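Trainee: Quick one: this structure, given as structure tokens, is what I'll be asking you about.
Bear in mind these aren't lab numbers, they're just calculated from the coordinates by the rules spelled out. The model shown is predicted, which means the values in this text are computed figures rather than measured ones. Cβ atoms come from the backbone with ideal geometry, glycine included; neighbour counts cover every protein chain shown.
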Amino acid sequence: MATLFVSDLHLEPGRPEIGEQFLAFLAGPARQADALYILGDLFEAWIGDDDPNPYYARMKVALRELSDAGVPVFFMHGNRDFMIGETFASDTGVTLLGDPHALELHGEKVLLSHGDALCTDDVEYQQVRAMTRNPDWQAMMMSRSIEERVAFARQAREQSMARGQSADDEIADVNQDAVKQAIRESGADILLHGHTHRPAVHPFHVDERPVHRIVLGDWYEQGSLVEWDEDGPRLEELPRP
Ligand code: MN
């Protein structure tokens with residue numbers, strides 16, 4: 001039995017192969033897990049829990065089936081799906097987590113994060129993040145019609161494209177000082193996050209204490225998973241069937 005961690009699937013109707021692999025994962029290996037943690041950017045965009053798009057309904061049913069099968073499922077917001085709310089949680093049986101979230105796993109102190117808050121070099125992005133995570137901004141957004149929110153999301157994406165690069169190229173890496181501060185404050189042995197799409201295991205020291213930062217990859221070409229059992233964490237690729 002193992003605890004499983006994924007992030008950055010960026011599910012959207014236009015990339016059906018990612019959704020099919022994720023559905024097979026939920027109905028297959030995830031059923032044997034002690035728990036499943038989804039560390040943000042499960043969806044490429046989320047305009048609100050009232051989105052009637054049947055593609056999202058299908059993903060919600062699959063999460064519901066996993067939680068009904070007795071596997072606890074946890075979700076942390078990413079920078080794409082930060083509008084996921086309590087309705088999504090009650091529809092799916094998923095528990096929403098704050099960012100960062102600390103837990104203990106097989107005797108190790110673990111700090112979970114999506115990772116975007118650690119990218120402090122990108123000052124412009126951190127300003128956008130602060131604005132869009134504000135409850136007043138979110139309430140203002142939810143007061144608009146679904147059509148208006150869909151149009152807003154499309155426009156935000158086009159503006160990001162117009163800045164010259166694809167969205168992925170724009171992702172700054174984490175700032176090492178921000179990483180060390182998060183580890184120092186939490187006393188964690190291991191920081192586990194996604195967001196940067198740079199899967200790796202980084203050993204280093206904080207105040208002469210050996211620690212690790214594990215980075216989950218995205219699911220664009222294959223799946224990315226951390227499987228954590230009594231032998232410790234393993235970062236793995238899930239080949240596309
Ligand atoms: Mn992200």
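Trainee: Being outside any helix (DSSP H, G or I) and in contact with a strand residue (DSSP E or B) (Cβ under 7 Å, 6 or more places away or on another chain) is the filter here; which residues of the range 13-34 pass it?
Mentor: ALA33, ASP34 - these are the residues of the range 13-34 that are outside any helix (DSSP H, G or I) and in contact with a strand residue (DSSP E or B) (Cβ under 7 Å, 6 or more places away or on another chain).
Trainee: List every residue pair whose Cβ atoms lie under 7 Å apart, where the two residues are 6 or more positions apart in sequence or sit on different chains, the first residue falls within the range 172-194 and is farther than 14 Å from HIS212 by Cβ, and the second residue, located anywhere, is among the charged types (D, E, K, R) and within 16 Å of the ligand (Cβ to nearest atom).
Mentor: What qualifies is ALA172/ASP121; ALA172/ASP122; ASP173/ARG198; ASN175/ASP121; GLY194/ASP8; GLY194/ASP41.
Trainee: Within the range 199-241, track down each residue that is within 19 Å of the chain's Cα centre (by Cα), hydrophobic (A, V, I, L, M, F, W, C) and outside any loop (DSSP other than H, G, I, E, B).
Mentor: ALA200, VAL201, ILE214, VAL215, LEU225, VAL226, TRP228, LEU235, LEU238
Trainee: Can you work out which of the residues in the range 12-42 that are within 13 Å of the ligand (Cβ to nearest atom) and aliphatic (A, V, I, L, M) is nearest to LEU111 (Cα to Cα)?
Mentor: LEU39
Trainee: While we're looking at this one, here's another question. Output the residues belonging to the range 168-201 that are of a type in the set (Asp, Glu), over 23 Å from HIS10 (Cα atoms) and surrounded by 14 or more Cβ atoms within 10 Å (Cβ to Cβ).
Mentor: ASP189
Residues checked against (1) under 26 Å from MET1 (Cα atoms); (2) in contact (Cβ under 8 Å) with a residue 60 or more places away in the chain; (3) surrounded by 14 or more Cβ atoms within 10 Å (Cβ to Cβ); (4) over 16 Å from the mean Cα position of the chain (by Cα):
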{"site": "GLN21", "(1), (2), (3), (4)": "yes, yes, yes, yes"}
{"site": "GLY28", "(1), (2), (3), (4)": "yes, no, no, yes"}
{"site": "ILE38", "(1), (2), (3), (4)": "yes, no, yes, no"}
{"site": "ALA45", "(1), (2), (3), (4)": "no, yes, yes, no"}
{"site": "ALA57", "(1), (2), (3), (4)": "no, no, no, yes"}
{"site": "LEU63", "(1), (2), (3), (4)": "yes, no, yes, no"}
{"site": "ARG80", "(1), (2), (3), (4)": "no, yes, yes, no"}
{"site": "GLU86", "(1), (2), (3), (4)": "no, no, no, yes"}
{"site": "VAL94", "(1), (2), (3), (4)": "yes, no, yes, no"}
